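Note sheet for the following structure.
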Amino acid sequence: MSTFALWWFKWDGSNYESRMKVGSREATVQDFKNRGFDYLIALDGEGGASNYSGPGYDNGYKDGQELAMWLTFKLQRIQYYVTIPFYKLNSASVPRGDPQGQFNDSYWHGWIDGVLSVADSNRRGFYWSLEAAGQFTHGYDSGKTVDKEFIEDLSNYVRVNHSLRLIWIPAFRDRTIDDLDNYTDIKGYRGYFNYVFCQPNYYQNSLMRDGNPYSYEELKRRVDWIYEGQVYMEIEVDKAILGISENCRCGVGECCKEYASHYINAQEDVLGGKFYHRAYYFSTDLRVIDEMEEYCQNNLGERYV
């Protein structure tokens, strides 16, 4: 069994800094280990918060090396995965290269080589940061797609050439089961990744795009879909349970804890236990994990992580 925590960082214009906290202080690696996490996934929101020097292999190499030098210092004594940023800094629509072109000599090829130029025995692999669930056949932005040959070459470069692992965390958003079957590329493309953690987005959405409620029964259907697809699940919560407005479907407070706990209930109801591998999104404050641990042990009689 392995547990993965999403560990957020950002570029402040001149340096990198961690966004992860325990209340007012910066979270340490030991804080994550104390809460039962085996791995960290260092990410920046699909690329929008990591430095971007410009297009092309050489700039990708420079940017990847820069981040790797910081992460090697920052994430000691725990194994971790490094993002492959898709979008440009401060952009949610412009890629760092052409994902319909060749992987070889692209910005992302350079990024990977730049990261790997910094030796670190704790680095286990990479995280493909684009979350769009249908990106390989239906598109991620106005019909634009990531070419199959591109992701195949990227996957082989990471997994075969360098014997590292590759992760993808696609988002369901408000899609119905029919949408997941007919629109997403998750099941067809899972073979290019070592781990795929699906985001049910139940905590965030009260309605599906067909207008029907996103009910607990629908969450269980998604857990079954994930399991039958031979992939894994991301467990979702955020600082709304601390009274800080973020993305919870019911606002803030105890109701958010209940919705977050449904991820644990649904796994138990459908699988008889938790997924063997799990990723955890909890915004940027480890107090969220502490609150959910207490809530789940008091109300469900088991651990959250």
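The values are calculated or read from the model by the stated rules, or taken from the named source; none is laboratory data. Computed from a prediction, not measured in an experiment: that's the story for all the values here. In this analysis, Cβ positions are derived from the backbone assuming ideal geometry, glycine residues included, and neighbour counts consider all displayed protein chains. Remember, those area values only see protein heavy atoms, side chains included, never the ligands or the DNA or RNA. Shrake-Rupley method; radii C 1.70, N 1.55, O 1.52, S 1.80 Å.
Side notes on the structure shown:
- Answer residue from the stretch 9-34, given it is open to solvent by less than 40 Å² (accessible area, probe 1.4 Å) and out of contact with any Ser or Thr (no Cβ under 6 Å at 6 or more places or on another chain) and is farthest from LEU89 (Cα to Cα) among those: ASP31
- Among (1) open to solvent by 60 Å² or more (accessible area, probe 1.4 Å); (2) under 21 Å from ASP105 (Cβ atoms); (3) part of a strand (DSSP E or B), the one test that GLU152 misses: (3)
- So ARG221, is it among the basic types (Lys, Arg), within 22 Å of THR137 (Cα to Cα) and modelled with pLDDT of 95 or more: no
- Yes/no for GLY60 being free of Cβ contacts under 8 Å to residues at least 12 places away in the same chain and either in a helix (DSSP H, G or I) or open to solvent by 30 Å² or more (accessible area, probe 1.4 Å) (or both): no
- Applying the criterion of being part of a loop (DSSP other than H, G, I, E, B) and touching a Pro at 6+ places or on another chain (Cβ under 7 Å) to the residues of the stretch 92-148, the residue that is nearest to TYR39 (Cα to Cα) is SER129.
- Residues of the stretch 125-135 include at least one that is among the polar types (S, T, N, Q) and open to solvent by less than 30 Å² (accessible area, probe 1.4 Å).
- Contact map, the stretch 173-198: first residue hydroxyl-bearing (Ser, Thr, Tyr), second residue open to solvent by less than 40 Å² (accessible area, probe 1.4 Å) and part of a helix (DSSP H, G or I), Cβ cut-off under 9 Å, separation 6 or more or different chains; pairs are THR176/GLU218; TYR189/ILE151; TYR192/ILE151; TYR192/LEU154; TYR192/SER155.
- Residues satisfying the stated conditions in the stretch 231-268, i.e. part of a helix (DSSP H, G or I), more than 21 Å from THR284 (Cβ to Cβ) and touching a residue at least 40 places away in the same chain (Cβ under 8 Å): HIS262, ILE264, ASN265, ALA266, GLN267
- Selection of the stretch 153-163 for residues being closer than 12 Å to TRP128 by Cβ and charged (D, E, K, R) yields only ARG159.
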